[in-house]
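First the structure, in the form of structure tokens, and then the observations on it.
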Amino acid sequence: MMDRILFQDTTLRDGDQTPGVNFSVSQKEELARLLEDAGVDFIEAGFPAASPGDFKAVQSIAAALKHAGVTALARANEKDIEAARDALCGAAHPRIHVFLALSDLHLKEKLNLSREDALDAIDRSVRLARNYCDDVEFSAEDATRADRAFLAQAFRRAAEAGASVLNVPDTVGVSTPAEFADLITYLKNADGLRGKCFSVHCHNDLGLAVSNTLSGLAAGAQMAECTINGIGERAGNASLEQIAMALKVKRETYRKEFALDTKKLLNLSKTVSALSGVPVSPTAPIVGANAFAHESGIHQHGILKNRKTYQIIDPEDLGLKETSLVLGKLSGRHAFSEKARELGFSLEKEQLEEAFAAFLQLADRKKIVRDDEVEAILEDQRDARILSEGFHLTAFQIQSNSGGMASADITLSKKGKTLRDAATGTGPIEAAFHTVDRIVDRKVVLDAYRIRAVTEGTDALGVVQVKIRYQEQSFTGRGVSLDIIEASIKAYINAINRALFFTEAGK
């Protein structure tokens, strides 16, 4: 008999704490709908007391979702819990998630609390949350460095106060799979905790987040807390897609079942990457570009004979087809629309038309347009939709020579207004960025600049990613073009648009 495992995705809360990531309310709602559609059981929508933006996001998601549970995080105090209650008031399935650090290190150095004070705070806060919500989760922050006997005592107090879920976080990613499994086993067998629902939330500081999560589930935990692509603070969180596919592929080992539709995971991964500006490594398990690529002649020979020789995951479990459409300049809208669907994109008619126009421009210059090039065009269009009220590149002219200054003449548009200026720099990119700075009239600091080719060859489609600082916050942007200078300008404008969107538009 298989045990049912629940997934609580925290991409919108913990993932939003990734350095340089700042999801808007509309982006969070878009991701929440995709997570619900994929069958995620609970979605941790944010930390309402942390900021007005987080409150609005939780409130918006709570009103939008009908099937998935919506979780709001709160510290163990009255103000946070009441903020969570207010933000969740429209949720069909609300959950208040109360947390308190319980390691002696955190109690002493961060909270200045005694163990007895902590137990009292747990009792008070969980009872208060339970008055407002039938479903209350309690998390013991830094659980893997807490005294076990005290940890069990704290969970017992939380359960007695009305907590329905007891979460064991490896907050700093310090545990190993054997240690973590042993801790879960200890807690599940402790007096007063037998039969309670335990959840696990693992960080990836030692690269063991997924392994620790799987070990915790094997030891009897019933819920995994994780993020799409494993994004999150520092080295990130356990990856939802890796946990799900490990449970699926090793079904006879773990003997767990879940409600997730794994065919929706690739689209989720691509959307999170596009909206967060955090690229997925080509070698990332499950969702990386090379996950189903085989270059070795020996491997290719084996794959052609029998796919199982070198491939343990059925591509169809992720919604991939064995064969795919090859697009070129003679491809029509229907073929392009089908390719977009195949790649996991769901665009409105107008956005699809604009993406198709961009595709035709590229196809005129190339015999065949590869999937990764089409994907880059679709991602670019999705970014354009999100930031539709921002600046757009209309025209540019660059003059540069070896050993001398470069100059840039750039025209941007915003809400139908044409804006043009020129500036110089030590190279074409610097000159272009200086010009954009003059036009947008904002103090922006460039922190990082990265170029990569989506494809090989002289006609490769280039992608530029930049990171900027504006008003003490970090923002990322990306640009796609056959012309690397054009891609650079687009990326810089995209980052500035995001900065203004999040800081000045109140999104």
Original post:
How about the range 395-407: which of its residues are more than 20 Å from S481 (Cα to Cα) and not in a loop (DSSP other than H, G, I, E, B)?
Top reply: A406, S407
Original post:
Considering the range 5-28 alone, what residues qualify as being in contact with an Asp or Glu (Cβ under 6 Å, 6 or more places away or on another chain) and modelled with pLDDT of 95 or more?
Top reply: L6, F7, Q8, T10, R13
Subject >> Options G404, G425, G390; residue that is among the small types (G, A, S) and surrounded by fewer than 17 Cβ atoms within 10 Å (Cβ to Cβ) >> reply: G404
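Does the range 93-102 include one or more residues that are among the β-branched types (V, I, T), modelled with pLDDT of 95 or more and in a helix (DSSP H, G or I)?
no
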**OP:** Quickly run through the range 80-119 and pick out the residues that are loosely packed, with under 14 Cβ neighbours inside 10 Å and farther than 19 Å from E44 by Cβ.
**Re:** L105, K108, E109, K110, N112, S114, E116, D117
Original post:
Would you call S215 surrounded by 23 or more Cβ atoms within 10 Å (Cβ to Cβ) and within 28 Å of T253 (Cβ to Cβ)?
Top reply: yes
Subject >> Any hit, the range 247-264, residues being part of a helix (DSSP H, G or I) and under 22 Å from D16 (Cβ atoms) >> reply: yes
Original post:
For the range 58-71, does any single residue satisfy the condition of being touching a Ser or Thr at 6+ places or on another chain (Cβ under 7 Å) and of a type outside the set (A, V, I, L, M)?
Top reply: no
Subject >> Pairs, first more than 15 Å from S199 (Cβ to Cβ) and in contact (Cβ under 8 Å) with a residue 40 or more places away in the chain in the range 237-261, second surrounded by 20 or more Cβ atoms within 10 Å (Cβ to Cβ) and among the hydroxyl-bearing types (S, T, Y), C-beta under 6 Å, six or more apart >> reply: A244/T262
**OP:** Report whether or not K467 is more than 22 Å from the chain's Cα centre (by Cα), within 24 Å of V278 (Cα to Cα) and either modelled with pLDDT of 95 or more or outside the structural domain of E375 (by TED's automatic domain parsing) (or both).
**Re:** no
Original post:
What tally of residues in the range 6-42 results from selecting those that are touching a residue at least 60 places away in the same chain (Cβ under 8 Å), assigned to a loop (DSSP other than H, G, I, E, B) and either assigned by TED's automatic domain parsing to the domain that holds V466 or not β-branched (V, I, T) (or both)?
Top reply: 10
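Only residues that are within 23 Å of Q361 (Cα to Cα) and in a strand (DSSP E or B): list them for the range 469-487, please. Working first, answer last.
Going through the range 469-487, the residues within 23 Å of Q361 (Cα to Cα) turn out to be 477-487.
Of everything in the range 469-487, those that are within 23 Å of Q361 (Cα to Cα) and in a strand (DSSP E or B) turn out to be G477, R478, G479, V480, S481.
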Original post:
Taking into account only those residues within the range 472-500 that are β-branched (V, I, T) and touching a Gly at 6+ places or on another chain (Cβ under 8 Å), which is modelled with the highest pLDDT?
Top reply: I489
Original post:
Between a first residue in the range 395-410 that is free of Cβ contacts under 8 Å to residues at least 24 places away in the same chain and a second residue that is aliphatic (A, V, I, L, M) and surrounded by 13 or more Cβ atoms within 10 Å (Cβ to Cβ), which pairs have beta carbons less than 6 Å apart while being 6 or more apart in sequence or on different chains?
Top reply: none
**OP:** Count, please, the residues in the range 188-212 that happen to be at negative phi and assigned to a loop (DSSP other than H, G, I, E, B).
**Re:** 11
Subject >> V40 being modelled with pLDDT under 95 and among the hydrophobic types (A, V, I, L, M, F, W, C) >> reply: no
**OP:** Pick out the one residue from A293, A357, A284 that is at pLDDT 85 or above and surrounded by fewer than 17 Cβ atoms within 10 Å (Cβ to Cβ).
**Re:** A357
**OP:** Starting from residues that are over 21 Å from the mean Cα position of the chain (by Cα) and charged (D, E, K, R), keep the ones in the range 238-295 and report whichever is nearest to R452 (Cα to Cα).
**Re:** E295
Original post:
Does R4 satisfy the condition of being surrounded by fewer than 17 Cβ atoms within 10 Å (Cβ to Cβ) and over 24 Å from the mean Cα position of the chain (by Cα)?
Top reply: yes
Original post:
Any chance the range 221-238 includes a residue that's among the charged types (D, E, K, R), within 24 Å of A181 (Cβ to Cβ) and buried (at least 22 other Cβ atoms within 10 Å of the Cβ)?
Top reply: yes
**OP:** Taking the options T18, T11, name whichever one is touching a strand residue (DSSP E or B) at 6+ places or on another chain (Cβ under 8 Å) and either polar (S, T, N, Q) or crowded, with 24+ Cβ neighbours inside 10 Å (or both).
**Re:** T11
Original post:
Would a scan of the range 466-487 turn up a residue that is touching a helix residue (DSSP H, G or I) at 6+ places or on another chain (Cβ under 6 Å), over 18 Å from E375 (Cβ atoms) and acidic (D, E)?
Top reply: no
**OP:** Would you confirm whether any residue within the range 83-91 is modelled with pLDDT under 95, in a helix (DSSP H, G or I) and not acidic (D, E)?
**Re:** no
Original post:
Do the conditions hold for F180, that is, is it in contact with a Leu (Cβ under 7 Å, 6 or more places away or on another chain) and of a type in the set (F, W, Y)?
Top reply: no
Original post:
Got a sec? Which of A149, A161, A181 is farther than 24 Å from Q17 by Cβ, touching a Lys or Arg at 6+ places or on another chain (Cβ under 6 Å) and surrounded by fewer than 23 Cβ atoms within 10 Å (Cβ to Cβ)?
Top reply: A161
Subject >> Complete set of residues in the range 408-440 that are under 31 Å from the mean Cα position of the chain (by Cα) and part of a loop (DSSP other than H, G, I, E, B) >> reply: K415
Subject >> Tabulated pairs, the range 481-493, first more than 19 Å from V444 (Cα to Cα), second among the basic types (K, R), C-beta under 7 angstrom, 6+ apart or interchain >> reply: S481/K490; L482/R365
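The values are calculated or read from the model by the stated rules, or taken from the named source; none is laboratory data. The model shown is predicted, which means the values in this text are computed figures rather than measured ones. With ideal geometry, Cβ positions are generated from the backbone for all residues, glycine too; neighbour counts draw on all protein chains shown.
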